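Beneath this line is the structure, given in structure tokens, with notes to follow.
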Amino acid sequence: MKLLTKFNRANIIATVIVLFIGGLCYYFILHYVLGKQLDSDLKREMQEIKNFIKVNHSLPDTSVYKEAEIIPELSPLPTKASLTTTEIFDKKENELVTVRQLIFSENISDKYYRITVSKSEQETEDLIRFIVTGTLSLVLLLLLCLFIINRFVLNKLWHPFNNTLHELKKFNPGSGYTLRLKDNNIAEFKELNNAVLEMSQAVERDYQALKSFTENASHEIQTPLAVINSEADLLMQSENMTKVQMKNIQAI
């Protein structure tokens with residue numbers, strides 16, 4: 001596997017994992033923040049209803065109060081304020097919708113009223129869906145950009161390295177071939193080319209020195225070998241030579 005391919009694969013996998021985990025965290029944080037905002041709006045509505053009752057000594061319009069729907073009903077005992085999420089049937093939409101409810105009680109003319117303030121979570125869900133969709137679109141666009149950058153831009157950046165590798169394959173000591181390394185503005189590749197050139201020059205010098213030494217040694221050793229051979233022939237022609245001496249001379 002090529003280095004660039006391995007790098008691209010690791011880079012894209014790491015990016016997908018980070019974006020996936022980050023997206024999940026982003027979704028839950030966004031859902032939490034918007035949920036808190038919805039609860040804050042309901043509490044604000046509750047406080048406005050309490051202020052209305054305190055001034056007017058009566059309940060406000062039971063149909064729609066600003067952005068929240070209020071439903072009062074008589075209660076024998078005071079009710080502690082509580083927040084719940086439930087589903088109710090929406091007559092306008094003719095379907096079940098999820099709402100966030102704040103239930104509390106108020107004393108009006110010595111009667112306790114259990115008041116339910118409801119606010120649909122549809123707008124919150126729509127907002128979350130819109131933000132998540134936009135975020136996913138940006139993530140996909142980012143992945144596409146990363147793929148294009150890794151596929152084309154980085155591939156172009158590695159051209160000097162590929163050229164250096166190609167020239168090294170063609171280099172052979174003693175052939176007289178000179179490396180033709182392309183100049184580039186990348187510091188690491190410049191250092192690599194300089195090191196390769198110095199190494200090839202050193203290898204060529206060592207090869208020529210070894211070649212010269214081998215040729216000179218081969219030439220210089222011919223004379224003493226010829227003298228030894230000649231003297232051995234003369235000794236073999238001597239008289240009174242024992243068999244042992246003859247064998248030794250033949251070995252020489």
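All of the numbers you see were taken from the coordinates with simple rules; none came from a lab. Just so you know, these numbers come straight off a predicted model, no measurement behind them. Quick reminder, even Gly has a Cβ in these numbers, built from the backbone with ideal geometry, and neighbours come from all protein chains shown.
Using only Cα atoms, what is the ratio of the radius of gyration of the stretch 98-144 to 2.2 N^0.38 Å?
After normalising by residue count via 2.2 N^0.38 Å, the value is 2.12.
Can you pull out the GluC sites (Glu not before Pro) in the stretch 217-252 that DSSP calls coil and that have at most 15 other Cβ atoms within 10 Å?
E239
Cα-based count: Lys pairs in the stretch 45-182 below 27 Å, eight or more positions apart or different chains?
For the stretch 45-182, the number of qualifying lysine pairs is 23.
If you compute semi-axes √(5λ) of the Cα gyration tensor in Å for the structure shown, which of (i) 63, 22, 13; (ii) 26, 24, 16; (iii) 102, 21, 14 do you land on?
Read-out taken from this structure: (iii).
I'd like the chymotrypsin sites (Phe, Trp or Tyr not before Pro) in the stretch 156-213 restricted to DSSP loop residues with at most 11 other Cβ atoms within 10 Å, sorted by number.
In loop regions of the stretch 156-213 (DSSP not H, G, I, E or B), there are no sparsely surrounded chymotrypsin sites (Phe, Trp or Tyr not before Pro).
Using DSSP loop states and a limit of at most 16 other Cβ atoms within 10 Å to flag trypsin sites (Lys or Arg not before Pro), what is the longest stretch of the chain containing no flagged site?
Between the exposed loop sites, the longest stretch runs 93-179.
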